[in-house]
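In what follows, a single structure is set out as structure tokens and then discussed.
The values are calculated or read from the model by the stated rules, or taken from the named source; none is laboratory data. Values in this document were obtained by computation on a predicted structure and should not be read as measured data. Here the Cβ is made from the backbone with ideal geometry for all residues, glycine too, and neighbour counts use every protein chain on show. All accessible areas refer to the heavy atoms of the entire protein, side chains included, with ligands and DNA or RNA removed. Shrake-Rupley method; radii C 1.70, N 1.55, O 1.52, S 1.80 Å.
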Amino acid sequence: MSRYYTFNAADAVEYARQFAGVKDPQSLVTADEIGDGNLNLVFKIRDTAGVSRVIVKQALPYVRCVGESWPLTLDRARIESETLLVHGQFCPQHTVKILHHDAELAVMVQEDLSDHLIWRSELLKGKYYPQAASQLGEYLAQSLFHTSDFYQNAQYKKAEVSRFINPELCQITEDLFFTDPYIVHERNNFDALLQPAVDALRADRPLLLAVAALKQRFLSHAEALLHGDIHSGSIFVAEGKLKAIDAEFGFYGPMGFDLGTAMGNLLLNYCGLPGLVATREAADGREQRLQDLRDLWLSFRERFLQLAADKTQDPALAIAGYAEYFLQQVWHDAVGFCGSELIRRTIGFAHVADLDSIADAAMRADCQRHALSLGQWLIITAPQIDDIEALIARIRQNG
């Protein structure tokens, strides 16, 4: 019989007392449920002084934002915990620390990040963290390299691929990224003002062929243990600090997917800024997003190549020039997946505040159209562009 039950605030406090590892467990006395995502319960556990000490997170057996009509595996909690533990092994400075997890209860205890802020919220306010994109590139390089064939023994990696099989959540990604936006589907969500642009997108055969190729790579290329949902809402930042959280979509997939998802969220903010802040601030913020885009890719590429030179275990993959060759495919994948993130966040099921919080309806529609057209261009044309500087120049040129 399963031990699972849904936690309330008192349950979360008691669990934290047992498993958070604090010196004074009885000082933990209250819990605030702060989960604002689509899937889970999240409790801040506070002490007698009202200070938040740890986080207790529990998966629900359904999609929270929909309800019990959309059931969902509890195994995602195990996958999230174990993904973050693996990533934390290789990049502890940029991975939230998991203090305890219980697969049967679908619960974990993790470090409190109250001294950090959600990156998306900061971007919406025009707050610039100049080190954040480079730190994200470092996180992705370390986590993806060390879980790839460059570093892992082939037999061990195959076992890890099996351990991180995540079929239900991968199915959500497959549908929301590569299928739903391009057909009429009840999960899609967009204003009627966008209908002509959506109709044109769905009639664009080169786009549909390119999306099919991206989906095939997502389905079949188990290159590394991905975070699987690395966007600006799953990243906490502070001055000089960055931490990745929320890895329940983790699985072995194409490296370019994590990179492209991260890049896409920077560009969603780029598209939304004219509707969010004043004209001068928007111009400055857009240049900052392009700098972030540059820093993310270059820091990832530089660190990955350094790791490949120093630590590649497979003699065939260690041959001079192979890592550079491999990263060209990662780059092309990343640009395409970036475009698919822009499209699905604009007209699909899960939107972002970078566009949806724009108050003026006409301006919001203009920014959304820009996101759609930029996404189409990234998927169809941009993969032919071989470096970040040329890509940024073209984005800047096209507005």
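This structure gives Rg and Dmax of the Cα atoms in Å, computed directly, and of (1) 21.3, 74; (2) 23.7, 80; (3) 20.9, 62 that value is listed as (3). Shape verdict for region 41-125, please, from the Cα gyration tensor: rounded (a/c under 1.5), prolate (a/b greater than b/c) or oblate. Because its axes are fairly even, with a/c under 1.5, region 41-125 counts as rounded. Beyond 18 Å, the tail of the calculated P(r) for region 194-328 holds 69 percent of the Cα pairs.
Note down the relative contact order for the chain as a percent, whole number, built from C-alpha pairs under 8 angstrom at least six residues apart. Normalised by residue count, the contact order of the chain is 17 percent. Taking amide H atoms as placed 1.01 Å from N in the peptide plane, the amide H of A238 lies under 5 Å from those of L117, each 5 or more residues away in sequence or on another chain.
Given N40, T6, V22, which one lies farthest toward the positive end of the charge dipole of region 1-42, if we put +1 on the Cβ of every Lys and Arg and -1 on the Cβ of every Asp and Glu? Ranked along the dipole, the leading option is V22. For region 267-347, what ratio Rg/Rh do Cα atoms give with a Kirkwood hydrodynamic radius? Dividing the radius of gyration by the Kirkwood radius yields 1.15. What you get for the chain, charging only the Cβ of Lys and Arg (+1) and of Asp and Glu (-1), is a dipole of about 180 debye around the Cα centre. Each Lys or Arg adds one and each Asp or Glu subtracts one; over the other residues with Cβ under 9 Å from the Cβ of I388, this totals 0. Rounded, prolate or oblate: pick one for region 55-189, where a ≥ b ≥ c are the square roots of the eigenvalues of its C-alpha gyration tensor, a/c under 1.5 means rounded, and failing that, prolate if a/b is larger than b/c, else oblate. It comes out rounded by the Cα gyration axes.
A Förster distance of 35 Å, applied to the separation of the beta-carbon atoms of R17 and E174, puts the FRET efficiency at 0.30. In the context of the full set of protein chains, residues of the chain present 41 Å² of accessible surface per residue (probe radius 1.4 Å, heavy atoms only).
The overall shape of region 1-85, judged from the alpha-carbon gyration tensor, is prolate: a/c is not under 1.5, and a/b is greater than b/c. A cut-off of 5 Å between modelled amide H atoms, ignoring neighbours fewer than 5 places along the same chain, links S114 with no other residue.
For the pair D32 and Q291 in one chain, pulling the backbone fully straight at 0.36 nm per residue adds 89.5 nm over the alpha carbon distance. DSSP finds beta bridges in the chain, and of those with both partners inside it, around 95 percent are antiparallel.
Binning the C-alpha pair distances of region 312-388 at 5 Å intervals from 0 yields a P(r) profile of 3, 15, 19, 16, 12, 11, 8, 6, 5, 3, 2, 0 %, listed from the shortest bin outward.
Each Cα pair under 8 Å and six or more residues apart adds its sequence gap; the mean of these over the residue count of region 247-316 is a relative contact order of 28 percent.
Suppose R0 equals 22 Å. What FRET efficiency, 1/(1 + (r/R0)^6) with r the Cβ-Cβ distance, do L85 and S162 give to the nearest 0.05? About 0.80, to the nearest 0.05. Scoring 310-321, 327-338 by mean Cβ neighbours within 10 Å over their residues and listing the highest first yields 327-338, 310-321. For region 175-184, 3J(HN,Hα) computed residue by residue from phi via the Karplus equation (6.51, -1.76, 1.60; θ = phi - 60°) reads 6, 6, 7, 10, 10, 3, x, 9, 9, 6 Hz, glycine and proline entered as x.
Rounded to the nearest 0.05, what FRET efficiency do N188 and A212 have when you use their Cβ-Cβ distance and R0 = 25 Å? The value I calculate is 0.85.
Two numbers describe the Cα atoms of region 1-41: Rg and Dmax, which are 11.9, 33 Å. Counting Lys and Arg as +1 and Asp and Glu as -1 over every other residue whose Cβ lies under 14 Å from the Cβ of E239, the net charge comes to +1.
Among 155-168, 109-122, sorting by the average number of other beta carbon atoms lying within 10 angstrom of each residue, highest first, gives 109-122, 155-168.
Placing +1 on the Cβ of every Lys and Arg and -1 on the Cβ of every Asp and Glu, with no other charges, gives region 150-293 a dipole of roughly 400 debye about its Cα centre. Dipole check for region 127-178: with +1 at the C-beta of Lys and Arg, -1 at the C-beta of Asp and Glu, and the Cα centre as origin, the magnitude is about 180 Debye. Close amide-amide hydrogen proximity is noted between V54 and I45, each under 5 Å apart and 5 or more residues distant or on a separate chain (H modeled in the peptide plane; Pro and chain starts excluded).
Counting protein heavy atoms only, the chain has 53 percent of its accessible area on carbon and sulfur, 1.4 angstrom probe. For region 160-209, report the % of Cα-Cα distances exceeding 18 Å. In whole percent, the share of Cα-Cα pairs in region 160-209 beyond 18 Å is 45.
Here the 3J(HN,Hα) profile of region 200-217, calculated from phi with Karplus coefficients 6.51, -1.76 and 1.60 at θ = phi - 60°, is 5, 4, 6, 9, 8, 4, x, 5, 4, 5, 5, 5, 4, 5, 5, 5, 4, 5 Hz, Gly and Pro shown as x. Residue by residue, region 160-171 carries 3J(HN,Hα) couplings of 5, 4, 5, 5, 9, 4, 9, x, 5, 6, 4, 4 Hz when phi is fed to the Karplus relation 6.51 cos²θ - 1.76 cosθ + 1.60 (θ = phi - 60°); x denotes Gly or Pro. When the listed pairs K57/K311; K215/K241; K44/K243; K57/K157 are checked against a 24 Å cut-off, the alpha-carbon distance exceeds it for K57/K311; K215/K241; K57/K157.
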